[in-house]
Amino acid sequence: MIDCMPYLEAHRDELLEHLASLIRIPSVEGAPAPGAPFGREVARCLEKMLTLCERLGLRTGSMDGRVGWCEYGAGEEMIAVLAHLDVVPAGEGWTEAAPFAGEVKNGRIYGRGAMDDKGPAVAAVYALAALKDAGFVPARRIRILFGTNEETGCQDMAWYRAHGGEMPVMGFTPDGEYPLINGEKGIFTCTYTRRLAPSGAYRLTRFEGGTASNVVPAYAAAELACPAEAAARIAQDKVTVTPIEGGIRVEAQGVSAHGSTPEQGENAIGRLAAALSQLPLEGDLADCMAFLAGRIGMETRGESLGLAMRDEVSGELTVNLGTAAFADDTLSLSFSIRYPVTKTKDDVYPRLTRAFALGGFAETALHHDAALYLPPESELVRRLLAVYEAATGEKAAPKCIGGGTYAKSIPNLLAFGPIFPGDVVREHQPDEYMEVDRLLQNAGIIAAAMAALAG
Ligand SMILES: [Zn+2]
């Protein structure tokens with residue numbers, strides 16, 4: 001058992017400077033340029049990382065400016081650590097430090113990407129350098145893959161897969177949490193539309209709500225051209241009706257939550273549909289609101305759509321109606337539907353199609369991410385948990401989540417770290433930081449995990 005901590009402690013300042021230099025490059029996706037498919041800053045960040053790896057004596061490679069890697073050791077087989085160098089935009093509200101300065105203070109390194117995922121990427125590089133320095137001879141090559149498009153679609157790893165990039169026999173991505181995520185639900189991101197031929201005294205002129213399919217909408221609004229007395233027909237909690245010229249405006253409040261846990265929110269679009277269905281509508285509009293209110297409404301498990309299912313390890317299928325839009329007499333709804341980790345596309349998709357066909361809706365967009373699951377007794381789960389337990393002295397159990405991580409982007413990976421249970425999470429928020437001690441601790445765990453998988 002190699003102890004990498006002395007090397008990591010000795011290189012603490014260098015590691016921090018390395019990370020700060022990457023944080024100073026605002027690698028938010030930008031316009032494609034020659035050799036920079038995700039924008040110049042993203043490409044610059046990847047080049048910088050590869051230069052730093054070379055300086056540490058690691059072999060490097062890259063594919064089309066989309067994915068880079070560094071590698072150590074020999075052997076037919078390869079194990080991988082996958083991290084990403086792109087970041088989400090800084091956003092508003094930074095008070096402790098500037099988002100792209102890489103400032104170290106109060107035992108923390110601040111900046112966009114410090115935790116997600118430049119910090120873990122640099123921790124992995126120093127972990128590998130530490131193993132090399134200790135003369136560790138792995139039986140499998142150890143490769144750190146640097147992706148550049150995790151935040152905006154994972155086209156980096158899709159490209160790597162499609163263009164002959166070598167696949168690991170096992171690996172992990174420090175872009176999730178500890179102890180270990182061994183299951184991620186399957187996800188349908190889909191859009192359904194239906195034309196509503198105008199008829200009767202109630203005409204829909206506006207119906208909209210939500211910001212994204214994977215967020216529970218906190219607000220939705222509709223406007224109708226209709227008789228003035230309509231306002232008195234709607235009586236519902238958290239719904240307000242305002243007379244407007246020639247009709248009414250109906251607004252519904254909800255509670256936002258992440259689309260992977262819709263039961264923690266309240267769906268404003270479902271609430272709005274329920275309110276509208278109290279009106280004496282006719283024709284397509286009546287049908288459609290009855291379907292929306294009755295089959296979807298505020299439900300989060302798809303019961304009335306006929307989608308309800310669960311498994312022991314990951315729980316219920318969840319449905320989130322994320323956005324609604326109405327234009328050219330056509331209503332368009334987007335959903336994020338997440339199914340249990342031991343189920344397959346075939347368990348869900350035919351039911352989904354049937355449910356919306358019955359409501360008169362046509363599918364106009366569909367993206368499917370298969371579920372990911374490795375049972376607790378599998379080799380990768382056992383080895384990574386053993387590393388975590390040895391490093392922390394805590395007995396640990398793997399867990400399944402509704403969200404999708406970077407682990408889904410290539411086969412044989414699980415999300416392992418960098419966030420410890422109970423730690424403050426500031427990813428994608430202002431004042432993102434990583435504690436310097438946590439950074440070093442991560443590097444130590446990553447080195448042990450590399451050795452456990454490659455040794
Ligand atoms: Zn990330």
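The values are calculated or read from the model by the stated rules, or taken from the named source; none is laboratory data. Fair warning: this is a prediction, and the values are worked out from it, not measured in the lab. Please note: Cβ atoms are built from the backbone with ideal geometry, for glycine as well, and neighbour counts cover all protein chains shown.
Within the range 391-406, residues that are in contact (Cβ under 8 Å) with a residue 24 or more places away in the chain and in the same structural domain as Val87 (by TED's automatic domain parsing) sit with their Cβ atoms under 6 Å from residues that are among the acidic types (Asp, Glu) and more than 16 Å from the ligand (Cβ to nearest atom), at 6+ positions apart or across chains, in these pairs: Ala396/Glu389. Scanning the range 335-351 for any residue that is over 20 Å from Pro262 (Cβ atoms) and among the aliphatic types (A, V, I, L, M) turns up nothing.
You will find that of Gly402, Gly455, Gly444, the residue that is more than 16 Å from the ligand (Cβ to nearest atom), under 15 Å from the mean Cα position of the chain (by Cα) and of a type in the set (Gly, Ala, Ser) is Gly402 and no other. Figure legend. Inter-residue proximity from the range 170-190: first residues over 20 Å from Ser336 (Cβ atoms) and among the hydroxyl-bearing types (Ser, Thr, Tyr), second residues assigned to a strand (DSSP E or B) and within 16 Å of the ligand (Cβ to nearest atom), beta-carbon distance below 6 Å, spacing 6+ or different chains. Indicated pairs: Thr173/Leu82; Thr173/Leu413; Thr173/Ala415. Counting residues in the range 112-119 that are part of a helix (DSSP H, G or I), basic (Lys, Arg), modelled with pLDDT of 95 or more and within 16 Å of the ligand (Cβ to nearest atom) gives one or more.
Taking the range 210-256 as the range and being under 31 Å from the mean Cα position of the chain (by Cα) and of a type in the set (S, T, N, Q) as the test, the residues that pass are Thr211, Ser213, Asn214, Gln253, Ser256.
The set of residues in the range 279-330 being closer than 15 Å to Pro217 by Cβ, assigned to a loop (DSSP other than H, G, I, E, B) and more than 24 Å from the chain's Cα centre (by Cα) consists of Gly297 alone. For the range 141-170, the set of residues classified as within 16 Å of the ligand (Cβ to nearest atom) and not in a helix (DSSP H, G or I) consists of Ile144, Leu145, Phe146, Gly147, Thr148, Asn149, Glu150, Glu151, Thr152, Gly153, Cys154, listed by residue number. Within the range 406-450, the set of residues being crowded, with 20+ Cβ neighbours inside 10 Å and either in a loop (DSSP other than H, G, I, E, B) or of a type in the set (Gly, Ala, Ser) (or both) comprises Ala407, Ser409, Ile410, Ala415, Phe416, Gly417, Glu432, Ala443, Gly444, Ala447, Ala448, Ala449. Applying the selection to the range 171-192, what residues are more than 16 Å from the ligand (Cβ to nearest atom) and under 30 Å from Phe356 (Cα atoms)? Matches in the range 171-192: Gly183, Lys185, Gly186, Ile187, Phe188, Thr189, Cys190, Thr191, Tyr192. Restricting attention to the range 40-89, the residues that are of a type in the set (A, V, I, L, M), surrounded by fewer than 17 Cβ atoms within 10 Å (Cβ to Cβ) and not in a loop (DSSP other than H, G, I, E, B) total 1. Among residues of the range 48-77 that are more than 18 Å from Thr173 (Cβ to Cβ), those with a beta-carbon under 9 Å from a residue that is surrounded by fewer than 14 Cβ atoms within 10 Å (Cβ to Cβ) and of a type in the set (S, T, N, Q) at least six positions away or on a different chain give the pairs Thr60/Thr51.
May I ask you to verify whether Pro198 is at pLDDT 95 or above and outside any strand (DSSP E or B)?
Judged against the criteria, Pro198 is not a match.
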